[in-house]
Protein chains: 2
Amino acid sequence: MKKRTTIDDVAREAGVSRQTVSRAINGMDGISPNTRDRVMEMVSEMGYQPSRLARGMAGSSTQTIGLIIGNITNPAHAEIFQCLYNLADAEHYNVLLRNTNYEKELELKAVQSLIAENVDGLVILSPTLDSEELAQFSDEDCPIVVIHRAISAKNISSIVTDTSRATKSVVEYLMGSGHECIGLVTRTGELSTIRHFEGYQQAIVMRGLPNCPSLIEQEEITMRGGYLATHRLLKQNPNLTAITTYNDLMALGAIKACQELGRHVPDSVAIFGYNDIPFASFCTPTLSTIRIDGEEVGKRAFQRIKEMIARPEVEFPPAVLDIDLVIRESTNRQ
Amino acid sequence: MKKRTTIDDVAREAGVSRQTVSRAINGMDGISPNTRDRVMEMVSEMGYQPSRLARGMAGSSTQTIGLIIGNITNPAHAEIFQCLYNLADAEHYNVLLRNTNYEKELELKAVQSLIAENVDGLVILSPTLDSEELAQFSDEDCPIVVIHRAISAKNISSIVTDTSRATKSVVEYLMGSGHECIGLVTRTGELSTIRHFEGYQQAIVMRGLPNCPSLIEQEEITMRGGYLATHRLLKQNPNLTAITTYNDLMALGAIKACQELGRHVPDSVAIFGYNDIPFASFCTPTLSTIRIDGEEVGKRAFQRIKEMIARPEVEFPPAVLDIDLVIRESTNRQ
DNA sequence: TAAACTGTCGTGAGCGTTCACGTAAGCGAA
DNA sequence: TTCGCTTACGTGAACGCTCACGACAGTTTA
């Protein structure tokens, strides 16, 4: 049975007090350079690692941030996680993950449980909870950063892209390429789809095209979901020549559905994705999509949560990220 | 400043002692049904949640398992994580993730840091560390389950598939379809590739075909890696008609490379993957691959780590999982 | 009837830190 | 000298639990 090396062990060996060791390892002042060196040498000699549990108990920080993620299996989410993780890890933060499968109940529980775990901050990467549901956590003293949903309140801040404008650009691009009957494949629920609708309809209306409800299909956010929705869409609207989707996964499913129905992509149907996951440039045909820089998102989210931890009284406005249309084969009609 | 509800608060309100509350919430005996009910009612009324930090400090378990993962961006890994996570979460375990990018140094540090965090157990999902490197952790009293590498020692156990046999089956299948010049695209490093080589060569030799080193290319485990390796492979061996790969990601890259080089898949080159990630059945052409049930892997890993936590003295033999060949379009020559 | 046991509960200590103090030495200024 | 300030430490308490006990009924056993 191995016994853990504690701060007291180090203190004893170095011939100083507990507190002095603490001062040394935490870079606090009130300690002379000489003693600091001596202590630090002892620390590495004895292989001492402070216990995060004890630190969390005694101090105010657990050096842990919670991350709630809708589905880690979604490559767009995974990329953001990875980047956020790397930054956090570099600053000795632990990342505590909760995979919620986009379920509202689970997500609410996840927020509560993470706060109860004394995380220093919380990042939410899932389009499930709405502003009101989030607002109830304003009074817990745990800063929250929400990704992809604009909200800013006490202790709550966000990193967003302009989904509405992006979707509008996509539809305008498709109309510019001569498409007049454009379908929308999006997720179930209202929450983040509303921006999606918004952009879609703005573009349609501006162009004076008919705003037809049968051109919209909703499904779960997976390849299978995109596949099913597209099947329905094309059955109801055989004259449809383009589809814009909620994300790349649904787009990949859409391509599959088109192929099964004998509708060539892009010659018979153009498909537009959202996110630019790695597969988008490796599939056949390669996928036109909205590029969101996952690395940038992860970086901003981490920076923001750190700022909020450091200055809890400040209220931060949403950070809006740029997006680009990436045109590839799936919309490139001959 | 919100104050946390502690076990003492509950005890006071319920008119019992701390320890009695502890007995109630932990389902220990030495408490009458009446008091238990009364305490539990008070617990939910006050919204009391025990502090994992304090539990970890005071008790022997932190209810946390560590998971080291090579690259969470790899869908095969993500699936296993998700399943393991779900099971762990259902039993109130936290999962502490470390993403190591397959780097040996990071991975060794990750193991040490997780042990220092007092995790109850550790699961390693990465083909990076070899048996000797792992063996040094036998003496820490923290059970370790290694996925995809056969090893069993004190405190160390594993969940594996027979990569060698699987690869052999693939090559035999390809030869059975008339292929005589078969390339191998695998990862850099020796560790898990050795089983890959083994199966490949066994099949080749049994058939009496020449064992040509130029038919093997190594790269990083990504689509891009598979893409680059395949480019080199086809340049050096234009007469090659089939490629078997380390995993589906590399296979997807291989398909891309073939398309760029004007080699039709499967008519000119057949491609075989490994893992059966969701994209394998949604890409074009759909990918023939080895099916590994990620859900089963995650389940076994979690069950095993729980067994090891419960009975630290027992040494478990590797659990070997079944695999299947899944034949799809990418090897289906007309 | 005394002794031993069983069921139910409470108490003190300890886990490994940080925090808010207290203290002693050294130095300069009034 | 005397006071105050700074620098460099040390000390006790606290964080919220679990663990190993101890205590005290009530019930069985010898």
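Could you please let me know if B:L233 is in a loop (DSSP other than H, G, I, E, B), in contact with a strand residue (DSSP E or B) (Cβ under 8 Å, 6 or more places away or on another chain) and more than 14 Å from chain A (Cβ to nearest Cβ)? Walk me through it before giving the result.
Numbers: in a loop (DSSP other than H, G, I, E, B): no; in contact with a strand residue (DSSP E or B) (Cβ under 8 Å, 6 or more places away or on another chain): yes; more than 14 Å from chain A (Cβ to nearest Cβ): yes.
No: the conditions fail for B:L233.
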Quiz item: Going by the structure shown, is A:R98 away from chain B (no Cβ under 11 Å) and on the phi < 0 side of the Ramachandran plot?
Solution: no
Quiz prompt | Odd one out for A:A78 among (1) buried (at least 23 other Cβ atoms within 10 Å of the Cβ); (2) in contact with a strand residue (DSSP E or B) (Cβ under 8 Å, 6 or more places away or on another chain); (3) within 10 Å of chain B (Cβ to nearest Cβ) | solution = (2)
Exercise. Select from the stretch B:159-214 the residues that are crowded, with 17+ Cβ neighbours inside 10 Å, over 24 Å from B:D130 (Cα atoms) and β-branched (V, I, T) and list them in ascending order.
Key: B:V170, B:V171, B:I182, B:I204
Quiz item: If we scan the stretch A:208-220, do we find a residue that is in contact with a Pro (Cβ under 6 Å, 6 or more places away or on another chain) and not assigned by TED's automatic domain parsing to the domain that holds A:V145?
Solution: no
Exercise. Inspect the stretch B:180-194 for any residue being part of a helix (DSSP H, G or I) and not hydrophobic (A, V, I, L, M, F, W, C) and give the result as yes or no.
Key: yes
Practice problem: Check B:V10 against each of (1) within 40 Å of the chain's Cα centre (by Cα); (2) within 13 Å of DNA strand C (Cβ to nearest atom); (3) surrounded by 18 or more Cβ atoms within 10 Å (Cβ to Cβ) and name the one condition it does not meet. | Solution: (1)
Practice problem: Would you mind finding the one in B:R38, B:R23, B:R55 that is within 10 Å of DNA strand C (Cβ to nearest atom), more than 30 Å from B:R304 (Cα to Cα), surrounded by fewer than 20 Cβ atoms within 10 Å (Cβ to Cβ) and basic (K, R)? | Solution: B:R38
Quiz item: Got a number for residues in the stretch B:127-176 being farther than 23 Å from B:L84 by Cβ and in a helix (DSSP H, G or I)?
Solution: 14
Quiz item: Among the residues of the stretch B:101-126 satisfying the criterion of being part of a loop (DSSP other than H, G, I, E, B) and not acidic (D, E), which is nearest to the other protein chains (Cβ to nearest Cβ)?
Solution: B:N118
Quiz item: Restricting attention to the stretch B:246-256, does a residue exist that is surrounded by fewer than 22 Cβ atoms within 10 Å (Cβ to Cβ) and free of Cβ contacts under 8 Å to residues at least 40 places away in the same chain?
Solution: no
Quiz item: Looking at the stretch B:269-283, which of its residues are under 17 Å from the mean Cα position of the chain (by Cα) and within 11 Å of chain A (Cβ to nearest Cβ)?
Solution: B:I277, B:P278
Quiz item: With B:I305, B:I243, B:I323 as the choices, which residue is touching a residue at least 60 places away in the same chain (Cβ under 8 Å), away from chain A (no Cβ under 14 Å) and surrounded by fewer than 24 Cβ atoms within 10 Å (Cβ to Cβ)?
Solution: B:I323
Practice problem: Kindly establish whether A:A88 is touching a strand residue (DSSP E or B) at 6+ places or on another chain (Cβ under 7 Å), part of a helix (DSSP H, G or I) and either over 28 Å from B:T6 (Cβ atoms) or at pLDDT 95 or above (or both). | Solution: yes
Quiz item: Is there a residue in the stretch A:73-80 that is within 16 Å of DNA strand D (Cβ to nearest atom) and without any contact (Cβ under 8 Å) to a residue 40 or more places away in the chain?
Solution: no
Quiz item: So which helices (runs of 4 or more DSSP H) stay within the stretch B:1-69 end to end and still have 2 or more residues that are within 9 Å of DNA strand D (Cβ to nearest atom) and more than 13 Å from chain A (Cβ to nearest Cβ)?
Solution: B:7-14, B:18-25
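The values are calculated or read from the model by the stated rules, or taken from the named source; none is laboratory data. None of these values were measured; they are calculated from a predicted model. So basically every Cβ, Gly included, is an ideal-geometry build from the backbone, and we count neighbours across all protein chains shown.
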